[in-house]
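These notes are about the structure you will find just below.
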Amino acid sequence: MTQREDSKIIGTVHPICCGLDVHKESISACVIYVDKDGTDQYDIKVFGTFTDDLIRLRSWLLDHECPVVAME
């Protein structure tokens, strides 16, 4: 099967979602959302793993109005 260069491989299921990569001392978070022009946007941030860091992660997700989070 051939794929055109301008075609998408993955379609949008959730207009706002976050993927987490959890490590012993850090959590990498990537919020993906669709802007007003219909273009995918990415916001990536790294957090620590202590309670205060997790509270900041939660606030960051709420600021993005992110209802769906997935982790490895």
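Only residues that are among the acidic types (Asp, Glu) and part of a strand (DSSP E or B) were counted in the range 15-46, giving 3. Annotation: residue 44 fulfils all but one of (1) at pLDDT below 95; (2) open to solvent by 50 Å² or more (accessible area, probe 1.4 Å); the unmet one is (1).
Annotation note: Cβ proximity below 9 Å between a residue of the range 52-72 that is surrounded by fewer than 15 Cβ atoms within 10 Å (Cβ to Cβ) and a residue that is β-branched (Val, Ile, Thr) and in a loop (DSSP other than H, G, I, E, B) (sequence gap 6+ or interchain) occurs for 68/13.
The values are calculated or read from the model by the stated rules, or taken from the named source; none is laboratory data. Please read all numbers here as calculations on a predicted model, not as lab measurements. For neighbour counting, all protein chains shown are included, and Cβ atoms are generated from backbone atoms with ideal geometry for every residue, glycine included. Note: accessible area is taken over every heavy atom of the protein model, side chains too, but ligands, DNA and RNA are not part of it. Shrake-Rupley method; radii C 1.70, N 1.55, O 1.52, S 1.80 Å.
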